[in-house]
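Quick notes on the structure that follows.
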Amino acid sequence: QVQLVESGGGLVQAGGSLRLSCVASGRTFSNYAMGWFRQAPGKEREFVARITSSGLVKSYGDSVRGRFTIFRDNSKNTVYLQMNTLKPEDTAVYYCATGDESITISITSAKYWGQGTQVTVSS
């Protein structure tokens, strides 16, 4: 079965940085797009970033564009989210996900999700 395991979350001060990692197993990782999503208490899950199977094309949500960077290392079956200039409103549980497409992934198309990792940004 497909398994995704996130790590790297924690507590950081506003303006700081964190790097999240997601290790995948159970499928040919390099064939599929990957995405990062987040959910804060009382709010709907939202799109953060996605990356194509090749790693050549990336997309970002409006709230994180310019601050976050998604990248992947297919040799390690790992996708990363580099989070810079963190703000208190970035506080959420961050999830990685994948589906059955090589180019795109969304909340509705995602098929497999990790357990999430908590990111807390203090002011």
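Suppose we filter Gly35, Gly55, Gly10 for residues that are more than 21 Å from Ser109 (Cβ to Cβ) and at pLDDT 95 or above; which single one remains?
Gly10 is the lone residue from the list that is more than 21 Å from Ser109 (Cβ to Cβ) and at pLDDT 95 or above.
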* Residue by residue through the range 88-118, note down the ones that are assigned to a strand (DSSP E or B) and surrounded by 14 or more Cβ atoms within 10 Å (Cβ to Cβ). => Ala92, Val93, Tyr94, Tyr95, Cys96, Ala97, Thr98, Tyr112, Trp113, Thr117
* What about Gly8, is it surrounded by fewer than 20 Cβ atoms within 10 Å (Cβ to Cβ) and either touching a Leu at 6+ places or on another chain (Cβ under 8 Å) or of a type outside the set (Phe, Trp, Tyr) (or both)? -> yes
* Would you call Lys87 touching an Asp or Glu at 6+ places or on another chain (Cβ under 9 Å), under 18 Å from Gln39 (Cβ atoms) and of a type in the set (D, E, K, R)? -> no
* Wholly within the range 1-87, strands (runs of 3 or more DSSP E) carrying at least 3 residues that are touching a helix residue (DSSP H, G or I) at 6+ places or on another chain (Cβ under 7 Å) and polar (S, T, N, Q) -> none
* Could you grab the pairs with beta carbons closer than 6 Å, sequence gap of 6+ or different chains, first residue in the range 12-40 and open to solvent by less than 30 Å² (accessible area, probe 1.4 Å), second one outside any loop (DSSP other than H, G, I, E, B) and among the hydroxyl-bearing types (Ser, Thr, Tyr)? => Leu20/Tyr94; Ser21/Ser7; Ser21/Thr78; Ser21/Tyr80; Met34/Thr98; Phe37/Tyr95; Arg38/Tyr94
* Asked: Scanning for something surrounded by 20 or more Cβ atoms within 10 Å (Cβ to Cβ) and closer than 18 Å to Leu20 by Cα, does the range 55-64 turn up at least one residue?
  -> yes
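The values are calculated or read from the model by the stated rules, or taken from the named source; none is laboratory data. All values derive from a computational prediction rather than experimental measurement. Cβ: placed from backbone, ideal geometry, glycine included. Neighbour counts: every protein chain shown. Areas reflect the complete protein model, heavy atoms only, side chains present, ligands, DNA and RNA absent. Shrake-Rupley method; radii C 1.70, N 1.55, O 1.52, S 1.80 Å.
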